[in-house]
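Let me begin by presenting the structure, written as structure tokens, before commenting on it.
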Amino acid sequence: MAENQNVADQASTLNDERATRLAKRAALFEAGQNPYPEHSEIEDYVVDIEAKYADLADGEDTEDVVKIGGRVVAKRGQGKIMFIVVRDATAEIQLFCRINDMDEAAWSTLKALDLGDILGVTGVVVRTKRGQLSVAPKSATLLSKAVRPLPEKFHGLSDKETRYRQRYVDLIANDDVRETFRKRSQILSTFRRFMESDGYMEVETPILQTIQGGATAKPFITHFNALDQECYLRIATELHLKRCIVGGFERVFEIGRIFRNEGMDPKHNPEFTTVELYQAYTDFNGMMDLFEDLLSSAAQKILGTYQVEWQGEQIDLTPGWPRMPMHEAVKQYCGIDFMAITSDEEAVAAAKSIGVELPETAEKTWGNALYECFDQKVEEKLIQPTFITMHPVDVSPLAKRSPKDPRLTERFELFICHSEMGNAFSELNDPIDQKQRFQKQVELRAKGDSEAGMMDEDYINALEYGLPPTGGLGIGIDRCVMLLTNSDTIREVILFPTMKPLDKPESAKRAAAGTNCAVPAAEQGPVDFSKVEIEPLFQEFVDFETFAKSDFRAVKVKECTAVPKSKKLLKFVLDDGTGEDRVILSGIHDTYEPEELVGKTLIAITNLPPRKMMGIDSCGMIISAVHHEEGVEKLHCLMVDDHIPAGAKLY
């Protein structure tokens, strides 16, 4: 109750202050003063003033006139002297305001300022007796009246949900956030200059495409009205860039947005930025050299060091990163020598022996078993920069086969702190082999794998004209920014990350399931229980002592994401009141999208033994209510009042 009252008091204060500011705005208009003038004269920036007058003595005035503008972030003083701090795009500076230095109108403007207002000032540079470099205003103009107060009286904005939704306020309130996005701009610029200096030409390829290809991912689907045609937002730039190589451009790259209709978690956002590059007459070894040089030199240029901290780990980006074939990594970390296994059945059994299950849609092959062992058991152990090479052909439809072992491809992924940073290979340029691999993707798609690629006849046509030996590389810009800014989540490095709308209507899945957890049952309308089919009650009794051992607890959903390669499983990271995160997997993705469950209070059994599901330990069970209507299963995840604390026990 106290927390709710505090929120209500804050809202009331905000409304009162906004009303006061709106009244000030109205009064200015009534007095014939426009608080949003069309023109301003800003000629100088704080950082330049600080550099130029660094040696100005304490108590010394100059006659040098400057014209600056910025947001008011602090204000104090009374009587004939005021001190106001304004911030422009470069830094903050104090205004040393003296009533005798300006006319009455300018003084009135300064007195009436609120924090957050944007001000233009013409004045002279001085240094106060206490040593503070300042501008002494001669005139002042209100350039924009802020009618909303800055958060917490400018002590900062800390609520992550609000920060991401209102990034503009986040940028105003938090210096470190502004610095993160300055570094992001530097990183993009550094990558672009690196590529250009190495002879690469920047090109642009279509975002709207008629074929889903270039990666294994679920696309966003849209409709092109003029052609009455279904289209996809691109999931990769690869196939068009390689067409450029066919056409005779030997080095091309593109920095651009990619769109994948998948879950959101600390490493994934539905739209993200990549740089993809392709170079004729090289291979994946050349791409490894380039990637290592690019990322390490960016760290040195932007941070001045190869040593960075990320996710609580000390990362050494000094060039000379290890290169390890995938089968060697699995042998080292899992104890299985896949190179000594010759049959698919033996490989799948070996994977199962260490708790690795293959996805429902994956063929039970040697290559898929090797890849899943790596994906589920090894990736999480890779902290320092490591190139994992020689991926199975089963999961590499666009990569050239290894001449030493046709089961493998000349492909690598770079991992840092158990995160994939980039993907590259010696590009497959045999049109017949490529068509056969596309056909394999088509077959997987027919079996229900919505992430599998389509047949791209035009790309095959391009290959038939001849693609020279080519190396290609795709780099996740957002993860590189996370690394070089020590950011824990991708939302910290994307200015405007995708967020669930606050007024989001019920999802199509829950509508189809007859479920709307956001609306109280009394408001959802009458339910026709005559159609409900209930399973018979168990006839066998359970003694009370056994039942009492089941630990039912209220849990808060901190994170919820779709489990890769599974159509049904959602991975929950839960607060169970112990202070340590609990992970539980639940097969309810048919009914719920992960983002709509974040923040909810659920019920879980917490003392079940851990159970491997898709290589992940599931420590408990989320409780749902299930019934059938006319043969169709209906599922409701049990959600309770958010006032119930995490860890509350059910009796």
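The values are calculated or read from the model by the stated rules, or taken from the named source; none is laboratory data. A quick note: this is a predicted structure, and the numbers were derived from the prediction, not measured. All Cβ positions, even for glycine, are placed from backbone atoms using ideal geometry, and neighbour counts span all protein chains on display. For the accessible areas, the whole protein counts, side chains as well, though only heavy atoms, and no ligand, DNA or RNA atoms are used. Shrake-Rupley method; radii C 1.70, N 1.55, O 1.52, S 1.80 Å.
So, in the range 55-77, exactly how many residues are in a strand (DSSP E or B) and not basic (Lys, Arg)?
Of the residues in the range 55-77, 13 are in a strand (DSSP E or B) and not basic (Lys, Arg).
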Within the range 216-226, does at least one residue satisfy the condition of being open to solvent by 20 Å² or more (accessible area, probe 1.4 Å) and under 18 Å from residue 457 (Cβ atoms)?
no
Would you kindly identify the helices (runs of 4 or more DSSP H) lying entirely within the range 146-203 that contain at least 3 residues that are surrounded by 14 or more Cβ atoms within 10 Å (Cβ to Cβ) and modelled with pLDDT of 95 or more?
175-197
Please go through the range 572-627 and give me each residue that is among the basic types (Lys, Arg) and either touching a helix residue (DSSP H, G or I) at 6+ places or on another chain (Cβ under 8 Å) or without any contact (Cβ under 8 Å) to a residue 40 or more places away in the chain (or both), ordered by number.
582, 611
With the first residue restricted to the range 225-248 and required to be free of Cβ contacts under 8 Å to residues at least 40 places away in the same chain, and the second required to be basic (Lys, Arg) and surrounded by 22 or more Cβ atoms within 10 Å (Cβ to Cβ), Cβ contacts under 9 Å at 6 or more apart or on different chains are 240/234
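Please go through the range 354-400 and give me each residue that is among the polar types (S, T, N, Q), at pLDDT 95 or above and surrounded by fewer than 23 Cβ atoms within 10 Å (Cβ to Cβ), ordered by number.
Across the range 354-400, the qualifying residues are 365, 368, 384, 386.
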Residues of the range 536-577 being aromatic (Phe, Trp, Tyr) and surrounded by 14 or more Cβ atoms within 10 Å (Cβ to Cβ), in sequence order, are 552, 572
Regarding the range 618-634, can at least one residue be identified that is closer than 26 Å to residue 352 by Cα, hydrophobic (A, V, I, L, M, F, W, C), within 24 Å of the chain's Cα centre (by Cα) and open to solvent by 20 Å² or more (accessible area, probe 1.4 Å)?
no
Taking only the range 437-475 into account, find how many residues are under 33 Å from the mean Cα position of the chain (by Cα), among the small types (Gly, Ala, Ser) and more than 29 Å from residue 360 (Cβ to Cβ).
2
Does the range 245-277 hold any residues that are over 10 Å from the mean Cα position of the chain (by Cα) and part of a loop (DSSP other than H, G, I, E, B), and which are they?
247, 248, 249, 250, 260, 261, 262, 263
Applying the selection to the range 194-241, what residues are in contact with a strand residue (DSSP E or B) (Cβ under 9 Å, 6 or more places away or on another chain) and more than 25 Å from residue 449 (Cα to Cα)?
195, 196, 198, 199, 200, 201, 202, 203, 204, 205, 241
Single match in 336, 235, 258 (criterion: of a type outside the set (Gly, Ala, Ser), in contact with a helix residue (DSSP H, G or I) (Cβ under 9 Å, 6 or more places away or on another chain) and open to solvent by less than 40 Å² (accessible area, probe 1.4 Å)):
336
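Just a yes or no: is a residue in the range 370-386 part of a strand (DSSP E or B), aromatic (Phe, Trp, Tyr) and under 30 Å from residue 482 (Cα atoms)?
no
Would you say residue 140 is aliphatic (A, V, I, L, M) and part of a loop (DSSP other than H, G, I, E, B)?
No.
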Among the numbered conditions (1) at pLDDT 90 or above; (2) within 28 Å of residue 370 (Cα to Cα); (3) in a strand (DSSP E or B), tell me where residue 553 comes up short.
(2)
If you scan the range 78-110, which residues turn out to be open to solvent by less than 40 Å² (accessible area, probe 1.4 Å), over 29 Å from residue 176 (Cβ atoms) and part of a loop (DSSP other than H, G, I, E, B)?
102
For the range 204-214, what are the residues that are without any contact (Cβ under 8 Å) to a residue 60 or more places away in the chain, crowded, with 17+ Cβ neighbours inside 10 Å and assigned to a loop (DSSP other than H, G, I, E, B)?
205
Failed item, numbered, when residue 240 is tested on (1) at pLDDT 95 or above; (2) assigned to a helix (DSSP H, G or I); (3) open to solvent by 60 Å² or more (accessible area, probe 1.4 Å):
(3)
Hits in the range 578-609 (condition: farther than 25 Å from residue 268 by Cβ and open to solvent by 50 Å² or more (accessible area, probe 1.4 Å)):
578, 579, 607, 608, 609
Among the residues of the range 24-54, count how many are open to solvent by 70 Å² or more (accessible area, probe 1.4 Å), in a loop (DSSP other than H, G, I, E, B) and charged (D, E, K, R).
3
Among the numbered criteria (1) closer than 20 Å to residue 473 by Cβ; (2) part of a strand (DSSP E or B); (3) open to solvent by 20 Å² or more (accessible area, probe 1.4 Å), which one does residue 314 miss?
(1)
Just to verify a result, which residue in the range 123-132, among those that are touching a residue at least 60 places away in the same chain (Cβ under 8 Å) and surrounded by fewer than 19 Cβ atoms within 10 Å (Cβ to Cβ), is farthest from residue 62 (Cα to Cα)?
130
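Inspect all residues belonging to the range 427-434 and state whether any of them is open to solvent by 60 Å² or more (accessible area, probe 1.4 Å) and either more than 28 Å from residue 379 (Cα to Cα) or among the β-branched types (Val, Ile, Thr) (or both).
The answer is yes; a qualifying residue exists.
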Enumeration of residues in the range 440-473 that are in contact with a strand residue (DSSP E or B) (Cβ under 9 Å, 6 or more places away or on another chain) and open to solvent by less than 20 Å² (accessible area, probe 1.4 Å):
467, 470, 471, 472, 473
Condition first: surrounded by 15 or more Cβ atoms within 10 Å (Cβ to Cβ), among the small types (Gly, Ala, Ser) and in a loop (DSSP other than H, G, I, E, B). Now tell me which residues in the range 111-122 satisfy that.
116
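Yes/no matrix, rows are residues, columns are (1) of a type in the set (Asp, Glu); (2) open to solvent by 20 Å² or more (accessible area, probe 1.4 Å):
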{"residue": "277", "(1), (2)": "no, no"}
{"residue": "284", "(1), (2)": "no, no"}
{"residue": "289", "(1), (2)": "yes, yes"}
{"residue": "306", "(1), (2)": "no, yes"}
{"residue": "319", "(1), (2)": "no, yes"}
